[in-house]
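Comments concern the structure below.
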Amino acid sequence: MAYTPLTESMPKARKVHICDTCGLEIKKGEIHHRFDGIYDGEFHTSREHIKCHEITKNWEEWEFEDNDPSEFRELYLEVAK
């Protein structure tokens, strides 16, 4: 599965979103990472909490594809508290 990045930004959420990495809410007004790109020929937007992005910023594509949000929360977010 091929991903071609187009833009990356850190907007303030205008509504509630779900973090693609941990599966938890990105609350309205929260600054977060937004990625726009082409994934398997389709336009795709991905959003992550800042904390989740810091953990995954050096991940390879397969790591995102294999990521299970509940396991991610257990392995990374519980330790980071």
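The values are calculated or read from the model by the stated rules, or taken from the named source; none is laboratory data. Bear in mind that the values here come from a model prediction, so they are computed numbers and not experimental data. When we count neighbours, we look across all protein chains shown, and the Cβ atoms used for this are built from the backbone with ideal geometry, even at glycine.
Can you tell me which residues in the stretch 22-47 are at pLDDT 95 or above, farther than 17 Å from THR7 by Cα and hydrophobic (A, V, I, L, M, F, W, C)?
Listed by number, the list holds a single entry, ILE26.
Could you list, ordered by first residue, the pairs with Cβ atoms under 7 Å in which the first is in the stretch 37-55 and in contact (Cβ under 8 Å) with a residue 12 or more places away in the chain and the second is among the acidic types (Asp, Glu) and surrounded by 15 or more Cβ atoms within 10 Å (Cβ to Cβ), at least 6 apart or interchain?
That search, which allows pairs on different chains as well, returns SER46/ASP20; ARG47/ASP20; GLU48/ASP20.
What single numbered condition from (1) at positive phi; (2) in contact with a Ser or Thr (Cβ under 9 Å, 6 or more places away or on another chain) fails to hold for ASP20?
Checking ASP20 against (1) at positive phi; (2) in contact with a Ser or Thr (Cβ under 9 Å, 6 or more places away or on another chain), the one that fails is (1).
Looking at the stretch 14-28, I want the residues that are among the acidic types (Asp, Glu) and have a partner that is assigned to a loop (DSSP other than H, G, I, E, B) and modelled with pLDDT of 95 or more with Cβ atoms under 6 Å, at least 6 apart or on another chain. Which pairs are those?
GLU25/VAL16
Determine which single condition THR7 fails, assuming it passes every other condition in (1) hydroxyl-bearing (Ser, Thr, Tyr); (2) touching an Asp or Glu at 6+ places or on another chain (Cβ under 6 Å); (3) surrounded by 13 or more Cβ atoms within 10 Å (Cβ to Cβ).
(3)
Anything in the stretch 31-81 that is out of contact with any His (no Cβ under 9 Å at 6 or more places or on another chain), among the aromatic types (Phe, Trp, Tyr) and outside any loop (DSSP other than H, G, I, E, B)? List them, or say none.
Within the stretch 31-81, TYR39, PHE43, TRP62, PHE64, PHE72, TYR76 qualify.
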